[in-house]
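Below: one structure, written as structure tokens.
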Amino acid sequence: MVLLRSLCLILLICIFHKTHAAAAQSHHHAQKHKERLQDGATHAHLDKSSHEHDTEFDHEAILGSVKEAEEFHDLSPEESKKRLAVLVTKMDLNKDRFVDRHELKAWILRSFKSLAAEEATDRFEDCDEDGDHKVTWAEYIKDTFGMESDEEMRNEIDEQDKMVQDDRELFKAADKDGDGVLIIDEFIRFNNPEEHPEMLPIVLRQTLADKDMNGDEKIDFQEFVGDSARDKDKEYLVTEKDKFDNDFDKNHDGFLTGNEILSWMLPSNDEVANEEVDHLFAASDDDHDDRLSYDEIVNNYDIFVGSEATDYGDHLQNIEHFRDEL
């Protein structure tokens with residue numbers, strides 16, 4: 001009876017999360033924009049506080065698709081290994097039957113571009129209300145913010161209005177032919193400005209407008225931590241000061257300017273790819289020869305792509321947890 005109650009509870013939680021995710025999807029771009037301005041770049045792969053790796057990120061970094069990663073989770077271990085074996089041959093650029101660090105990094109960078117395009121395409125389809133393969137500004141703000149017009153949006157709270165203004169500026173910049181609508185290629189540029197150099201000056205200007213309190217076009221440490229520092233302890237401030245000094249302030253002049261601000265606000269695909277390569281090698285290079293054989297990758301399929309076996313293990317852990325709780 002306890003086990004049955006636990007399974008039912010897990011099912012209800014899963015249904016809730018799927019429903020909640022669907023409801024939140026239309027606000028994804030605005031939320032991503034908000035997080036970028038509030039906290040700077042955050043990398044999903046490693047939770048610095050818990051030192052736990054995000055296995056979903058591992059799978060997406062290899063497959064280059066959220067949808068395909070979800071599909072792999074429903075496969076048997078045998079089928080996952082079979083499909084992964086095909087991918088390994090594509091990663092192996094020089095066909096020596098090993099995947100070295102450079103080859104794996106190149107594959108992951110390719111996946112990042114594919115993931116960005118997939119995300120933007122999904123958002124494009126959500127926004128394109130009339131199905132004409134174009135997104136107008138009115139369609140975008142209706143889908144993203146739930147508003148019918150700029151005038152209605154101006155009646156909302158200041159923070160959201162700032163987000164709309166910033167998105168409006170990015171929308172216009174992405175509209176290369178100036179016809180007032182975005183086709184798919186333009187929408188990809190709008191949805192992922194960090195991937196397109198011509199959009200970076202706008203991101204920098206918007207960041208300074210939001211963060212540069214004294215108007216000197218530089219970010220000092222106080223502006224770096226912002227209002228969030230008020231509720232944090234000394235340990236937090238020491239950690240943030242270390243990041244400010246050693247990760248972002250490259251010339252050590254006590255301020256962030258130009259590219260230093262962009263490196264803070266926007267994730268570097270190159271840096272994240274290097275971190276992911278290090279993680280995957282540490283987890284699967286069984287003979288420590290600094291290269292991955294086909295067998296090492298396929299045998300560690302759960303790390304690279306996952307399958308129903310790993311999900312089943314998670315379910316068992318959840319059952320045990322809820323059994324203890326009940």
> What whole-number value in Å² describes the accessible area per residue of the range 157-198 for a 1.4 Å probe?
Replying inline: 48
>> Which of the three applies to the range 83-237, rounded, prolate or oblate, going by the alpha-carbon gyration tensor with a ≥ b ≥ c and a/c under 1.5 meaning rounded?
In response: oblate
> Asp212 to Ser268: FRET efficiency via 1/(1 + (r/R0)^6), r the Cβ-Cβ distance, R0 35 Å, to the nearest 0.05?
Replying inline: 0.95
> Where does each of 135-144, 91-100 land if you order them by average Cβ count within 10 Å, highest first?
Replying inline: 135-144, 91-100
> Across the range 258-266, in residue order, what do the Karplus-derived ³J(HN,Hα) couplings come to in whole Hz, using 6.51 cos²θ - 1.76 cosθ + 1.60 with θ = phi - 60° and x for Gly and Pro?
Replying inline: x, 5, 5, 5, 5, 5, 6, 7, 10
> Contour minus end-to-end for Ala106 and His196, with contour as 0.36 nm per residue of separation and end-to-end as the Cα-Cα distance?
Replying inline: 30.5 nm
> Hey, could you pull the Cα Rg and Dmax for the range 166-247, both in Å?
Replying inline: 16.9, 52
> Going down the table (Lys134/Lys176; Lys134/Lys172; Lys67/Lys134; Lys218/Lys250; Lys218/Lys241; Lys105/Lys250), which pairs top 18 Å between alpha carbons?
Replying inline: Lys67/Lys134; Lys105/Lys250
>> Rounded to the nearest percent, how much of the accessible area of the range 226-295 (1.4 Å probe, protein heavy atoms only) is carbon and sulfur?
In response: 45
> Separation between the Asp179 and Asp233 pseudo-spin-labels, each 7 Å from Cα along Cα→Cβ, expressed in nm?
Replying inline: 5.8
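The values are calculated or read from the model by the stated rules, or taken from the named source; none is laboratory data. Not measured: the values here are computed from a predicted model. Every residue, glycine among them, receives a Cβ derived from its backbone with ideal geometry; neighbour counts consider all protein chains shown. Side chains included, ligands, DNA and RNA excluded: accessible areas come from the protein's heavy atoms. Shrake-Rupley method; radii C 1.70, N 1.55, O 1.52, S 1.80 Å.
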